[in-house]
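Notes follow the structure.
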């Protein structure tokens, strides 16, 4: 009997010691502290790098604004970790692996390029990391994953807007494409072609070229011989479009043109190719110059960097993406799954890009507006 009593006493003592040790164990989970790490993937090298520096600036500016007023929640400040996706899928995938496995991020902003984002999303989904893209516009991204949303619209709207104007307003029945082999450019091509052919139009040429191409004379000559009503110069970057336009001019050909939104979004390309681009049609995700938050963003950028941000259609979504993630983390915590779920419920959220609503498919409920280039300036298209 004494042995049994002593056994009970020993068990109680040991249990109490175990409880005490666990309660006071320094390795036990503590309340979340320290910075909130957010990964950012942009193309810092290559032709697409022209987008990256303004994007880095404006994303950092937004994070600094948030940190200056106390951070995300409980005084936790945003720490941005920038990685170069090079506008190439494999490089973006490597960047995502580093951000997730080394830096331990729960949220990734980016990529800016569609090819970057398409490569990042499966990796992030497997790791249960939320991805919010501020610039990737490929229609392939629509509904791709419950861990992905974007606040920049799909190119399905850009292609549709231009196809309707080309066929219905301008009377173009034959269109030739000169298209760079990237996911972004292909998305525009596919969206335009689908609507244009449904309306009764014909794509008489679909000349695709790799990004490293520098000599377009044979492509231009081939397309010229087909005598299309207009040519769609569909490239990933304004630098590539400028090379195509220069060689058209050298060959003495000035066709009616349509261009991807990267051309009207780049004032330098528009001004330096004024003659070739006269009357050219494009479609951009518009900016709201009457929006106080948009104007405040422009003023803050100009005060900090001494100039207005270029590519303002992207600038507004880049800026908003940081605030959207701030609000998500404040609402549900620093958890990739919960952040992704919250982002899919965004409705009438007010930012620099105006009122933002994210659909169930992860796309914003918005679109592109038609524009025309006249006298070296981009103005709204009016029928």
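The values are calculated or read from the model by the stated rules, or taken from the named source; none is laboratory data. All figures in this text were calculated on a predicted structure; none of them were measured in a lab. Neighbour counts run over all protein chains shown; Cβ positions are idealised from the backbone, glycine included.
Observations, loosely collected:
- Test: residue in segment 56-74 that is closer than 21 Å to residue 317 by Cα, within 14 Å of the chain's Cα centre (by Cα) and surrounded by fewer than 19 Cβ atoms within 10 Å (Cβ to Cβ): yes
- Evaluating residue 326 against the criteria (1) surrounded by fewer than 17 Cβ atoms within 10 Å (Cβ to Cβ); (2) modelled with pLDDT of 95 or more; (3) within 27 Å of residue 309 (Cα to Cα); (4) touching a helix residue (DSSP H, G or I) at 6+ places or on another chain (Cβ under 6 Å) leaves one unmet condition, (1).
Residue-wise test of (1) surrounded by fewer than 24 Cβ atoms within 10 Å (Cβ to Cβ); (2) touching a strand residue (DSSP E or B) at 6+ places or on another chain (Cβ under 7 Å).
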| position | (1), (2) |
| --- | --- |
| 124 | no, yes |
| 147 | no, yes |
| 160 | yes, no |
| 163 | no, no |
| 166 | no, yes |
| 169 | yes, no |
| 180 | yes, yes |
| 194 | yes, no |
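- Residue 307 satisfies every condition listed in (1) in a helix (DSSP H, G or I); (2) without any contact (Cβ under 8 Å) to a residue 40 or more places away in the chain; (3) not assigned by TED's automatic domain parsing to the domain that holds residue 168 except (1).
- Members of segment 332-342 that are under 12 Å from residue 149 (Cβ atoms) and touching a helix residue (DSSP H, G or I) at 6+ places or on another chain (Cβ under 6 Å): 339, 342
- Pair list, Cβ under 7 Å, 6 or more apart: segment 100-126 residue at positive phi and touching a residue at least 12 places away in the same chain (Cβ under 8 Å), other residue buried (at least 21 other Cβ atoms within 10 Å of the Cβ) and in a loop (DSSP other than H, G, I, E, B): 110/85
- So residue 52, is it out of contact with any helix residue (DSSP H, G or I) (no Cβ under 9 Å at 6 or more places or on another chain), outside any loop (DSSP other than H, G, I, E, B), crowded, with 16+ Cβ neighbours inside 10 Å and modelled with pLDDT of 50 or more: yes
- Residues satisfying the criterion are present in segment 356-369 (criterion: outside the structural domain of residue 192 (by TED's automatic domain parsing), touching a helix residue (DSSP H, G or I) at 6+ places or on another chain (Cβ under 7 Å), closer than 26 Å to residue 49 by Cα and not in a helix (DSSP H, G or I)).
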